[in-house]
Every structure is written in C-alpha cells, then in structure tokens.
Amino acid sequence: MVGFGNPAYLPPAHLALARLADDAGRFDDAREHWEDAIGTGDAEYGSLAAHDLAQRLLERGEAARAQRVLTAGLKLVDRATAPYAYARLAVALGIACLDQAIGAFGAALGEDGAPADPEVGPLATELLARTLPLRGRGPEARDAWRRGLSDPGVAAQVRARLRRDFGGDDDEGDPADLWWEPVVEKSVADGSLPALAGEAFGALDHMYALLAVKYAEGGEGEAHELLGRAVRVPSDYAWGPLLHESFAERLRLAMGAPARSLPPGWPDA
C-alpha cells in the first residue's frame, strides 16, 4: 500500500510495516517506518507509531530521542477528542523524562568509587535513589544509598537525606540510642520498609494477643494492673483502636457467640 500513492493508505501501512520489522528484530527498518508514520501527521496511526517507537527507544536507553518522538506524537493528538491516546503518550513522555533525570543524577555522581562532590553529591544521591524505584530499579537505588553512605565526604549529609521523613530526631536526642533506628534506616535504603512494617505489626499483634487474653480473663493485683497498662499502650497511636477492635472480634469468634463479648471501648473503658 505504501507504493500505491494514496495518502490515506500511508499511515496504517507504515505502522504495519514497522511492527513487522520490529517483530523480525530489524529495529532500524522499523524505526524508519515508525518515523514515516509520524511524519504523515495522522492523529490515529501517527500517535500509535510515536508510542511504539518511544517504547523501543526507552528499552535501548535512548531517553532523549524517545522524548522528542513523544513530543512530536502529542502534537498530532487532540486531547479533547482522543483523551486515551493523549494520556498514553503523556505518561510515556513522563517516563522518558524520568529516565533522563536518572541519567543526569548518575552523571553528577560520576563513576562508582569516585568521591562525590560535597555540595551536589548528597542531593544527587537522594534524587537518584528515590527516582530509580519509580522505574522498577530497586537494586540500583540500594546501591546509590550504599555508595553515598560509604563516602566519608558526604555520608553525614546523605544519611540526613535518607532520614528526611523520619520523625522525632530533634526532640528525642541521638537516634542511635534507639535500638530499632539502624533497622529502619537499612530498610529505607533497601526499599524494604513495607515488609519491615508488616513484620513489626505482626509481632506486635502476636504479643498484644498474648497479653490481652490474660488481661481479659480478669483479676486483680499489681500483675493484672501491669497487664492492663501494657494492653492500653496502643491506645495513644492512630492504629491503636484498630488493634483493639481486631482482638475483641477475634476473641468473640474464638469463644463462640454465647460468650460475653468485651465491653465497647475496651480496654480503655
């Protein structure tokens, strides 16, 4: 159809030939047809060609070229009449910009093992380490934090940036005094904080249940009062009521429907 001379046939023909060449592993031929399809100015097939070509360029590490292709593709699409096509190209353009940013942050740090610039190195390390996971490159993010924390010239600043979202440092003194701080720091640097939180809440739930069952049995004396104080500790946290409610419901189910349920507001009631 490309040789028929009918302009209406050119956009779909170039797109089809590009995909055939791509499937056959002939990238240069595919790129030529994708570019020709974009060059026709056709909104439907030109935007598809721009997206296809940009994806391949991103896979090849050519983010700057992908950005130019996607920018050209967006000019073909009317956002009002083709919102899906526009959104798909816009997201791909954002990804291309992310990849370029990653390359720029990495270039600012130089080769692995070389000392980082004390002024821009900590910032570049944080930006690189926090951007890489957005592209599914978690291991590289861990390496970026590791490199910064092991560089004597910038380690203190990198550590401060790693701990940016940590709370209470100013009011609670040296965080090194808290036994869990190194564990939390490492999990943030490793990208494993959600898993650590799951483990911690699982252990907390188990310990709470052991104490709460004994406290719910009733009693008196100093030991019982200590149990009550321990069971009420979560009440001061945002997740505390959820823990209390979960335990009360599990206890009710374990004891059976006829059994007396815990009073509302337990254990603070």
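The values are calculated or read from the model by the stated rules, or taken from the named source; none is laboratory data. Owing to the predicted nature of the structure, the values given are computational and were not obtained by experimental measurement. Cβ coordinates were reconstructed from backbone atoms using ideal geometry, including for glycine residues, and neighbour counts include every protein chain displayed.
Given the structure, is Asp99 in the same structural domain as Ala124 (by TED's automatic domain parsing), acidic (Asp, Glu) and under 15 Å from Ala43 (Cβ atoms)? So Asp99 does not fit the description; no.
Flag: Ala24 does not match the condition of being closer than 26 Å to Leu98 by Cβ, surrounded by fewer than 18 Cβ atoms within 10 Å (Cβ to Cβ) and at pLDDT 95 or above. Pairs are defined by a Cβ separation below 9 Å, a sequence spacing of at least 6 or placement on different chains, a first member in the stretch 122-148 that is under 18 Å from Lys186 (Cβ atoms), and a second member that is outside any helix (DSSP H, G or I) and acidic (Asp, Glu); the pairs so defined are Thr125/Asp151; Asp143/Asp112; Arg147/Asp112. Exactly one residue out of Arg229, Arg146, Arg163 is in the same structural domain as Gly106 (by TED's automatic domain parsing) and at pLDDT below 95, and it is Arg163. The residues on offer are Ala101, Ala64, Ala54, Ala87, and the sole one that is over 20 Å from the mean Cα position of the chain (by Cα), more than 20 Å from Arg31 (Cα to Cα) and aliphatic (A, V, I, L, M) is Ala87.
One residue alone among Ala116, Ala129 is in the same structural domain as Gly106 (by TED's automatic domain parsing), in a helix (DSSP H, G or I) and either closer than 30 Å to Val91 by Cβ or not basic (Lys, Arg) (or both), and that residue is Ala129.
For the stretch 36-49, filtering for residues that are surrounded by 15 or more Cβ atoms within 10 Å (Cβ to Cβ) and over 18 Å from Arg88 (Cα atoms) leaves 2.
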